[in-house]
Amino acid sequence: MTESLFFFFASLTLLCAIMVVISKNPVYSVIFLILTFFSISAHYILLNAQFLAAVNIIVYAGAIMVLFLFVLMFINTGKNVESTLKKNVLAKIAGTVAGGLLFIVVVAALKDVALGHPDPATYDSQVGMVENLGKVLFTKYMLPFQLVAVLFLVSMVGAVMIGKRETGEQNF
Amino acid sequence: MTLSERMYLPAIAQGLGITLKHFFKKKATINYPEETRQRSDVWRGLHVLKRDENGAERCTACGLCAVACPAEAITMTAGERKKGEEHLYREEKYAVTYEINMLRCIFCGLCEEACPKAAIFLQDDKLAPARYERDEFIYGKDRLVEPLKTTETK
Amino acid sequence: MDSVLLIYKGIYILAIFGISLLIATYSTYFERKIAAFIQDRVGPNRAGPMGLLQPLADAGKLFFKEEFIPAKANKGLFILGPGIAMLVAAMSSAVIPFGDTLIIGETSFDLIAIDVNIGILYIFGVVSLGVYGLMIGGWASNNKFSLLGAIRAASQNISYELAMGLSLIAVLMLSGSLSLKVIAEQQTGFNWNIWYQPLGFLIFLICAFAETNRTPFDLPESEAELIGGYHTEYSSMKLGMYLFAEYINIFVVSAVMSTLYFGAYNFPFMENLRNAFDDPVLGNNVVTIIGVAVMFAKIFAFIFFFMWVRWTLPRFRYDQLMKLGWNILIPLAILNILLTGGGILLYEHFTK
């Protein structure tokens, strides 16, 4: 059951991810990206990490992708944008290089990965639950957690600085 | 403004109180076909052309009502009574046609006051109802003359 | 045993789905009735006794109206929009505990569709997806008013979700659990969260109004400026789906507020009532059934409140809406978290 679900969601994830890239209409891309997030959340649930699944949906599908869609609705997604991008040789080269680098990174990261085989006797199925996650975050990973908070604070301050109206400015 | 005013919450609560008061108030609606609004005794509604005690039409087509009408809603053509029609028309001259345009009429009741024969009255219990076509608002004698009491013609 | 539970869950989920649809249907009727009563009218009273068949007549009308798709609209997404809105609205009532456990024979039946330990996050996630229905529908209509409505809906929902989440955190600090069932169980008797979280409840309530696009925050569909907002181009049952989804959302938000702050199915003196019966099973079942009735009474009270506010307060201006969300509600919610944290620390300091 779990295995067939895994294969179903894995293929769904890959299919949606491919559709994100090859969709002509950016709005379709965003919708497929949302579907990708959903199937990734399904993977989290299969791993008994319900909290991560919910947070993934709330933060990515619920907030960030809404903003993506928001921006896409504003910019006119006509054909002219697409055609100039496709004809540009530099863009093609840059795309190839970036894609190739990403591929190398993925291969390098996966090369030495040993698949974990947890011992069923000692394995704690509750490890992905929110209480355990919270305990780990606030004990073992306290410093990275706080650093991430500082990072968010910095980005918030930056956003406020950019959005702040300067004296004499009459833009809106 | 003070803090409590700037919170707006007391004001919102006050507004909610007002609407709640109206929620339990007696409703102003009158369910029309089932109930009708109580009308004044001097209410001026749909016109009627009266008959006398023998069932003959009282109107003599003198035209005073048409003259008195400020909205010029009344038109009529007069005709002479023939022999054998005495039971139909009281006077020697009578109205062959008598039309009131209910779209023009302002229900002022001046026709009623002008009539020397006490033939036209504005009823206090009937209205000129809404209709689909303009033509239907021109009321002829068929709809204006009081029905005979003995034979129930509609 | 397992199959019994499985069948029971299936029936229960269908029942909850049916109840949410029924409540949404009759919400339209009560909305009109309440609006009429507040305005000293009588409201719909022709279809059936007291107009009770009015929703059926409305639904029949919506089904038989012409299905219209604008020529330049994106057809697929145009159809997908109301579908998403409806699906998401119907999904979210799955984790709400409508009652305690019923004991029949030796089996105990939980009156909750799925008891996940992240119940409130599930609702949050699902509700945050609801905005896609509006956005996709508004964009696919290829109409500037629709697009403006969709954009307003999106920015409003995202802005108020923050304050809503922050006000929620204070409740979670008290309960120590994300499961709605656990939160409900902790508020036995009259020990409701509202006594500890009045400020949090107020923030949550205001955000609930904004999240469900209800007056005074119904800017996405403000007819004076945007015709119909995101559903300007919709007709027939596709429009009906949007309206339906809105009412189901009100039902769900009412249920969530009753669960989080007003003790869900708990009512005062429930323990006394339970102990008054000699047979513990019978006592439990009686308390559970009264509890379900109490839960629905609370939900209906909230739905009434939503409608009452709608016919009392005028609409906000858009900048006022954003100012309220970002400048007032979010700082207040953070203050509420600090106060709650301080309160918990003091309580633990003096009791232990």
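Our summary of shape: the Cα atoms of chain B have principal axis extents of 93, 33, 30 Å, ordered from largest down, in whole angstrom. Scaled against 2.2 N^0.38 Å for its residue count N, the alpha carbon radius of gyration of the stretch C:169-308 is 1.29. For GluC sites (Glu not before Pro), the sites in the stretch B:6-76 that DSSP calls loop and that have at most 13 other Cβ atoms within 10 Å are B:Glu34, B:Glu35, B:Glu53, B:Glu72.
Shielding value for C:194-204 is 0, the average number of Cβ atoms from other chains within 10 Å of each residue's Cβ. Stokes-Einstein diffusion of the stretch A:20-63 at 20 °C, 1.002 mPa s viscosity, Kirkwood radius from Cα pairs, rounded to a whole number: 200 µm²/s.
Remark: relative contact order (the stretch C:65-351) = 26 percent; criterion is Cα-Cα distance under 8 angstrom and separation of 6 or more residues. Only protein atoms count toward the accessible area here, which uses a 1.4 Å probe; on chain C, the carbon and sulfur part of that area reaches 72 percent. If you run the Gaussian network model on chain C, springs between alpha carbon atoms under 10 Å, then out of C:Ala163, C:Ala71, C:Ala255 the most flexible one is C:Ala71.
Please check: in the Gaussian network model of chain B (C-alpha springs, under 10 Å), which one of B:Gly15, B:Gly84, B:Gly45 has the largest mean-square fluctuation. Ranking B:Gly15, B:Gly84, B:Gly45 by mean-square fluctuation puts B:Gly15 first. Solvent exposure of C:Ser177, expressed as accessible area, is near 20 Å², computed with a probe of 1.4 Å over the protein chains only. A 1.4 Å probe run over the protein chains yields, for the stretch C:65-351, 39 Å² of accessible area per residue, whole-number rounding. Modelled spin-label separation between B:Glu35 and B:Lys50, with each label point placed 7 Å from Cα along the Cα-to-Cβ direction: 3.3 nm.
Ordering C:Met257, A:Met142, C:Met237 by accessible surface, largest first, gives A:Met142, C:Met237, C:Met257; the 1.4 Å probe counts only protein heavy atoms, with every chain in place.
Within the accessible surface of chain B, defined with a 1.4 Å probe on protein heavy atoms only, the carbon and sulfur portion equals 54 percent.
Report the calculated FRET efficiency for C:Ile79 and B:Cys108 (r = Cβ-Cβ distance, R0 = 60 Å), to the nearest 0.05. With R0 = 60 Å, the Cβ-Cβ based efficiency is 0.50. Chains B and C together bury roughly 1400 Å² of accessible surface, counting both sides and using a 1.4 Å probe on protein heavy atoms.
Comparing the full protein assembly with the isolated chain, the residues of the stretch C:10-38 losing at least 30 square angstrom of accessible surface (1.4 Å probe) are C:Phe37, C:Ile38. Helices in chain C that qualify as membrane-span-like (whole DSSP H runs, Cα extent of at least 20 Å along the helix axis, mean Kyte-Doolittle hydropathy of 0.0 or higher) are C:2-38, C:75-91, C:119-140, C:144-175, C:236-261, C:280-310, C:330-351.
The loop-placed trypsin sites (Lys or Arg not before Pro) in the stretch C:48-112, going by DSSP, that have at most 15 neighbouring Cβ atoms within 10 Å of their Cβ come out as C:Lys65, C:Lys72.
The sum of -39500 (n - 2.57) across all DSSP H runs of n ≥ 4, divided by the residue count of the protein assembly as shown, sets its helix-only mean residue ellipticity at 222 nm to -19000 deg cm²/dmol. Protein-only accessible surface at a 1.4 angstrom probe places the residues C:Thr259, C:Thr25 in the order C:Thr25, C:Thr259, largest first.
Using the Cβ-Cβ distance between B:Thr75 and C:Glu66 with R0 set to 51 Å, the FRET efficiency from 1/(1 + (r/R0)^6) comes to roughly 0.65.
Computed from label points 7 Å out along Cα-Cβ, the spacing between B:Lys117 and A:Leu137 is 9.8 nm. With a threshold of 29 Å on the Cα-Cα distance, the over-threshold entries among A:Lys92/A:Lys164; B:Lys26/C:Lys323; C:Lys144/C:Lys238; B:Lys21/C:Lys61 are A:Lys92/A:Lys164; B:Lys26/C:Lys323; B:Lys21/C:Lys61. For the pair C:Trp195 and C:Lys144 in one chain, pulling the backbone fully straight at 0.36 nm per residue adds 13.8 nm over the alpha carbon distance. Per residue, the stretch A:1-78 exposes 55 Å² of accessible surface when a 1.4 Å probe is rolled over the protein heavy atoms with every protein chain present.
Peptide B:5-17 has a mean shielding of 2, counted as Cβ atoms of other protein chains within 10 Å of each residue's Cβ. Measuring r between the beta carbons of C:Ser236 and A:Lys24 and using R0 = 22 Å, the FRET efficiency lands at 0.15. Ellipsoid semi-axes for the protein assembly as shown, based on the Cα gyration tensor and the rule √(5λ), read 67, 34, 25 Å when sorted largest first.
Note on the stretch B:12-69: Cα Rg divided by 2.2 N^0.38 Å, N the number of residues, gives 2.31. Among B:Thr19, B:Thr97, B:Thr29, the largest mean-square fluctuation in a Gaussian network model of chain B, built with springs joining Cα atoms closer than 10 Å, belongs to B:Thr19. Note on the stretch B:47-144: Lys pairs 8 or more places apart or on different chains, Cα atoms under 19 Å apart, count 11. Starting from the Cα gyration tensor of the stretch A:1-78, take the square roots of the eigenvalues, sort them a ≥ b ≥ c, and report rounded, prolate or oblate (rounded when a/c is under 1.5, otherwise prolate if a/b is larger than b/c, else oblate). Oblate.
Counts of other chain beta carbons within 10 angstrom of each beta carbon in peptide B:26-33 average 3.
Distances between every pair of Cα atoms in chain C, grouped in 20 Å steps from 0 to the bin holding the largest one, split as 27, 56, 16, 0 percent. Per residue, the solvent-accessible area of the stretch B:6-154 (1.4 Å probe, heavy atoms of protein chains only, all protein chains present) comes to 69 Å².
Remark: accessible area buried at the A-C interface is about 2100 Å², both chains counted, probe radius 1.4 Å. For GluC sites (Glu not before Pro), the sites in the stretch C:60-141 that DSSP calls loop and that have at most 10 other Cβ atoms within 10 Å are C:Glu66, C:Glu106.
The values are calculated or read from the model by the stated rules, or taken from the named source; none is laboratory data. The shown structure was predicted, so the numbers you read here are calculated from the model rather than taken from an experiment. Positions of Cβ are backbone-derived with ideal geometry, glycine not excepted, and every protein chain shown enters the neighbour counts. Surface accessibility is based on the protein's heavy atoms, side chains included, excluding ligands, DNA and RNA. Shrake-Rupley method; radii C 1.70, N 1.55, O 1.52, S 1.80 Å.
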